[in-house]
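Heads up, the thing below is written out as structure tokens.
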Amino acid sequence: MRAVLSGYYGKGNGGDEALLATLLQMLPAHVTPLVLSGNPSETAARYGVEACERMALPAVIQALRRSDALIWGGGSLMQDVTGAASPLYYGGLMLAAQRLGLKTIAWAQGVGPLNHSWTRELARRAFTGCSAVSLRDVGSAKLLSGWGIPLTLAPDPVWALAGQPLPGLWELPAPRVAVALRSHPQLTPARLERLIAALVSFQKASQAYLLLVPFQPAQDLAIAVAIQSQIPQASQILSLSDPQQLRGLFQGVEMTIAMRLHALIMAAAAGCRCFAISYDPKVSQLMQDLDLPGLELADLPLNSAALCQIWLEQYANGDPLLPAQIAAIVDRAQLHQDFLRAALNPRSG
């Protein structure tokens, strides 16, 4: 069986690359993948798969015509917060695959926010036509259940991603704290200045070595550079393109302060203390699901010293998830693999 894999792949986003790595890890052995990618040569080299330029429409249609299935692979693909391009691209691709008669599978989706009636209707039509749907959060499940769409609900599959050791990590000064921030309209210059001041104070008070991790360098690197310039002797920027090494990084840190959803998931799965700064409902949902310490970006304290004190309290006295909790979540995340086996069974309709 041939399957086209569609997601925000090959665009330099560590979270989406982790989703692709996990999808390939979970894909049944009888399925040959073709990945739609923003960087086909890099994707092909890294994962040993066939890849096609995601925006080259004739090549994408040709790939669909010679395939049996389209897997809409993970993450918040159907959302209109970043504009109309995302729902138009992914919704249009799914409807085209359905029109061509492919088995269409939505895998580990997080749906929304959908703030416009037309994007909600496009999403409803695309999901209604799917052969099978798995989701990663309760909010998405409520939305699709309201549309009468059968679904499987399980934690984000990146919980189950196998990590690899990061060379040189254990030679870096200890204790280590990972920081994964990203640009966002609500992260105003004043808020960013406050965050950086709090991190500088936190480092001095804790004597921790800060590992600054830009999950998507195009959005995150400038912030990491700004932090690193303030504490050059006690921090390092780690830009990692291999998602399994990115997962392995969190095995060697005491605490993670992050806006990025998959930084928090990887850290929590590694038994690391976490502090979330939420810019999006998906991060707030994770905070709620795990009872994870954190703040909404809009609610950051006006005083950087107060924020530093909150972090120091979590660093000194916070509790990571218990091994039994992690094992239970990873076990449930594996439902996305069982889902794929059933959905891609050659005997299924």
>> Looking only at residues that are in contact (Cβ under 8 Å) with a residue 12 or more places away in the chain and part of a helix (DSSP H, G or I) in region 142-164, which one is farthest from P281 (Cα to Cα)?
In response: A160
> Hey, among L292, L321, which residue is farther than 19 Å from S183 by Cα and surrounded by fewer than 21 Cβ atoms within 10 Å (Cβ to Cβ)?
Replying inline: L292
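Quick grid of which residues meet (1) farther than 19 Å from Q325 by Cα; (2) surrounded by 18 or more Cβ atoms within 10 Å (Cβ to Cβ):
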| residue | (1), (2) |
| --- | --- |
| Q219 | yes, no |
| A226 | yes, no |
| S239 | yes, no |
| L246 | yes, yes |
| T256 | no, yes |
| L261 | no, yes |
| L264 | no, yes |
| A268 | no, yes |
| R273 | no, yes |
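Out of the residues in region 95-131 that are assigned to a helix (DSSP H, G or I) and within 21 Å of the chain's Cα centre (by Cα), state the one that is nearest to L64 (Cα to Cα). Talk me through it step by step, then tell me what you get.
Filtering region 95-131 down to residues assigned to a helix (DSSP H, G or I) leaves 95-99, 117-128.
Those left that are additionally within 21 Å of the chain's Cα centre (by Cα): 123, 127.
On the way: A123: 20, F127: 18 Å.
Step by step, filter region 95-131, then rank; the result is F127.
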>> So, L88, is that one in the same structural domain as P28 (by TED's automatic domain parsing) and surrounded by 18 or more Cβ atoms within 10 Å (Cβ to Cβ) or not?
In response: no
>> Considering only residues that are of a type in the set (A, V, I, L, M, F, W, C), in a helix (DSSP H, G or I) and over 21 Å from the mean Cα position of the chain (by Cα), which ones fall in region 296-349?
In response: A298, A305, A306, L307, C308, I310, W311, L312, A316, A324, A342, A343
>> Out of L23, L27, L64, I need the residue that is more than 20 Å from the chain's Cα centre (by Cα), surrounded by 15 or more Cβ atoms within 10 Å (Cβ to Cβ), under 26 Å from P346 (Cα atoms) and of a type outside the set (S, T, N, Q). Which one?
In response: L64
> Tally time: how many residues in region 282-300 are more than 12 Å from M259 (Cβ to Cβ), of a type outside the set (S, T, N, Q) and in contact (Cβ under 8 Å) with a residue 24 or more places away in the chain?
Replying inline: 5
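The values are calculated or read from the model by the stated rules, or taken from the named source; none is laboratory data. Treat the numbers as computed from the prediction; the structure is a model and nothing was measured. Please note: Cβ atoms are built from the backbone with ideal geometry, for glycine as well, and neighbour counts cover all protein chains shown.
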